[in-house]
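The values are calculated or read from the model by the stated rules, or taken from the named source; none is laboratory data. Being a predicted model, the structure only gives us computed values, none of them experimental. Methodologically, a virtual Cβ is constructed for each residue, glycine included, from the backbone with ideal geometry; neighbour enumeration extends over all protein chains shown. For accessibility, only protein heavy atoms count, side chains too; no ligands or nucleic acids. Shrake-Rupley method; radii C 1.70, N 1.55, O 1.52, S 1.80 Å.
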Amino acid sequence: MDIARGVVHNRKMLRLVTRLHIALYRLTGGVVGGMISGVPNLLLTTIGRISGKEHTTPLFYLPDGPDLVLVASYGGSPQEPHWWRNLRANPRAEVVVGPHRWKVYADQGSEELKARLWPVFCRYYPDYQVYQDRTDRVIPLVVLKVL
């Protein structure tokens, strides 16, 4: 029972920290929360594939020309992250980068894109490789095209 209570507590704490991150990011135009450990962060808002409600997630990203690229790692879980499942159901979303807000269209990145950018993501955040090693699922890169 103590383990279950600890898991629930950790989920609640993670949700609280995430909500705080989103609020501070929005309040400061990305001055707080826009860069973590040298990696740029954005806020991605998707429409829930089941609920139909908006869901906002802070995520690391890399710019690639006019596009923004994300890693759908979910910490190496065998399941895909909720935000990526939402985007596959409805690829239209919204991103906030610093003080800027754009409508975007999401698509899975190509093998060539992954070969080029995966090492860059891992250089900034080495745990991405740990996550890939932890799961049988191939972790995709997700391309957000600004509309």
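Tabulated data for the structure shown
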{"read-out": "Prolate/oblate/rounded label for the chain (Cα gyration tensor, a/c 1.5)", "value": "rounded"}
{"read-out": "Cross-link partners of residue 114 among lysines (Cα-Cα below 22 Å; sequence separation of 8 or more within a chain)", "value": "145"}
{"read-out": "Largest-first ordering by accessible area, 1.4 Å probe, given options 77, 37", "value": "37, 77"}
{"read-out": "Range in the chain, longest, excluding exposed trypsin sites (Lys or Arg not before Pro) [loop by DSSP; at most 14 other beta-carbon atoms within 10 Å]", "value": "54-147"}
{"read-out": "Cα-based equivalent ellipsoid of the range 86-147: semi-axis lengths in Å, sorted from largest, via gyration tensor", "value": "24, 15, 11"}
{"read-out": "Within the chain, helix-based [θ] at 222 nm, where runs of 4 or more DSSP H residues each add -39,500 (n - 2.57), nearest 500", "value": "-12500 deg cm²/dmol"}
{"read-out": "Rounded if a/c under 1.5, otherwise prolate or oblate - the range 50-117, Cα gyration tensor axes", "value": "oblate"}
{"read-out": "Length added when fully stretched, residue 137-residue 85, from 0.36 nm per residue minus Cα-Cα", "value": "17.3 nm"}
{"read-out": "FRET efficiency for residue 31 and residue 64, using Cβ-Cβ distance with R0 set to 30 Å, rounded to 0.05", "value": "0.80"}
{"read-out": "Rounded to the nearest 20 debye, dipole of the chain from Cβ charges on Lys, Arg, Asp, Glu", "value": "560"}
{"read-out": "Segment residue 12-residue 50, length gained on full extension (0.36 nm per residue, minus Cα span)", "value": "11.5 nm"}
